[in-house]
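Everything on this sheet refers to the single structure shown next.
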Amino acid sequence: MSFPLHAHLARCERAEGGLDVELRLRLPSDVGVVEEAVELVARHLEAAFVDRRTIRFNLRVALAEAIGNAILYGNTEDETKGVAVRVLFGRNTVEMEVTDEGCGFDYRYLPDPTLPANRMRPYGRGLFLIRQLVDEVRFNDAGNSICMILRRA
Amino acid sequence: MAFNVKKAGGVVVIEVEGQLIVGNRQELKQRVLDALEAGDRKFLIDFTRTGYIDSSGLGVLVSLSKKIRDEGGDLRLAGLNEDLKTLFELTKLDTLFAITDSAQEALSAF
């Protein structure tokens with residue numbers, strides 16, 4: 001299935017920390033768009049970022065997680081709500097912000113999915129994976145917006 | 001992304017082409033559950049042509065593993081590239097699954 005996703009690209013006037021291009025996407029709350037959205041972002045970054053493996057793997061998995069969480073748990077697949085993706089990038093740094101229209105969640109208290117008691121659970125690995133795959137994770141106060149940062153020398 | 005399902009010597013082999021993520025994990029689950037319902041008990045999921053897996057994909061593998069075991073069956077995974085192996089190691093799921101380098105190795109281990 002194909003979705004008419006369009007990225008809005010802009011060169012930042014104030015280059016901060018080497019982040020000189022901004023990409024914005026607005027997604028519907030449909031899990032069917034996750035792969036296409038991730039590929040759209042990754043294609044823009046592959047030519048610009050210094051480390052291709054980081055884009056091929058870390059970025060793709062972390063971004064798919066964040067968008068999937070926003071659609072499933074943030075917006076509870078409510079088709080009247082959307083997901084905003086904002087990516088700032090340069091040669092050495094990528095900042096990816098994913099924001100849903102839900103009530104947010106308490107990101108500070110999540111069980112460790114690698115503990116033996118939790119390993120057989122079919123859920124609870126998303127944020128753990130994001131934290132393993134990117135260099136820094138930040139949330140807004142409401143807990144409905146995640147910012148993931150990748151840095152490579 | 002697509003799932004190619006075939007039978008090899010009594011084993012249901014599912015090749016995952018593309019990604020195994022939130023958008024298609026239910027399709028994989030249904031394919032396996034349908035085969036279980038039809039009486040199949042040996043399953044091999046081949047990731048040789050897979051790009052990446054997200055936590056929803058990993059979650060489906062965990063729940064299928066339990067379901068298949070509860071029905072007296074066996075699930076094996078094969079063909080994980082270095083990136084995918086990293087995912088299983090980070091989540092310690094490499095300790096839950098029987099994982100082999102190639103589909104052929106997995107088939108001969110059933």
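Only the coordinates and a few stated rules stand behind these numbers; no lab work does. The structure presented is a predicted model; accordingly, all values stated were derived computationally and were not measured. Neighbour counts are summed over all protein chains in view; Cβ atoms, including those assigned to glycine, are modelled from backbone coordinates with ideal geometry.
Quick rundown of the values:
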read-out	value
Computed label-point distance, nm, for sites A:Arg121 and A:Glu46 using a 7 Å Cα→Cβ extension	3.6
Rel. contact order, % - alpha carbon contacts under 8 angstrom, at least six apart, chain A	24
Listed residues A:Ala117, A:Phe128, A:His8: farthest to the positive end of the dipole of the protein assembly as shown (Cβ charges)	A:Ala117
Cβ-placed point charges (K, R +1; D, E -1), dipole of the protein assembly as shown about Cα centre in debye, nearest 20	480
Inter-site label distance for B:Lys67 and A:Asp30 at 7 Å from Cα along Cβ, in nm	2.5
Chain A, helix-only ellipticity at 222 nm - DSSP H runs n ≥ 4, -39,500 (n - 2.57), divided by all residues, nearest 500	-6000 deg cm²/dmol
Sorted by Cβ neighbour density within 10 Å, fewest at the top, the residues A:Glu65, B:Glu82, A:Glu35, A:Glu95	B:Glu82, A:Glu95, A:Glu35, A:Glu65
Histogram of C-alpha separations across chain A, 5 Å bin width, %	2, 9, 19, 22, 21, 15, 9, 3, 1, 0, 0
Bins of 10 Å, starting at 0 and running to the largest distance - Cα pair percent for the protein assembly as shown	7, 30, 34, 21, 8, 1, 0
Residue-wise HN-Hα coupling along region B:52-68, computed from phi with Karplus coefficients 6.51, -1.76, 1.60 (Hz; x: Gly, Pro)	8, 10, 9, 5, 5, x, 4, x, 5, 5, 5, 5, 5, 4, 5, 4, 5
Relative contact order, percent, region B:2-108 [alpha-carbon distance under 8 Å, six or more residues apart]	26
Lys/Arg +1, Asp/Glu -1 at C-beta; region B:15-65 dipole; positive extreme among B:Val62, B:Ala38, B:Thr50	B:Val62
Tensor-based shape of chain B (alpha-carbon gyration tensor, a/c under 1.5 rounded, otherwise prolate or oblate)	rounded
Space enclosed by the convex hull of the alpha-carbon atoms of region A:113-153, per residue, Å³	89
Total charge dipole magnitude, chain A, about the Cα centre, Cβ charges on Lys, Arg, Asp, Glu only, Debye to nearest 20	600
Amide hydrogen neighbours beyond the local backbone of B:Thr100, cut-off 5 Å, H modeled	B:Leu77, B:Ala78, B:Gly79
Farthest positive-ward along the protein assembly as shown dipole, Cα basis, beta-carbon charges - from A:Leu72, A:Ile146, B:Ala78	B:Ala78
Stretchable slack from B:Phe97 to B:Thr48, in nm (0.36 nm times residue separation minus alpha-carbon distance)	16.0 nm
Lys pairs, the protein assembly as shown - Cα-Cα below 19 angstrom, 8 or more residues apart or on other chains	10
Proportion of all alpha-carbon pairs of region A:85-153 beyond 13 Å (%)	70
Dipole magnitude of region B:2-108, debye to nearest 20 (Cβ charges: Lys/Arg +1, Asp/Glu -1, about Cα centre)	260
Rough spin-label spacing in nm, given labels placed 7 Å along Cα→Cβ, for A:Thr76 and A:Phe105	1.3
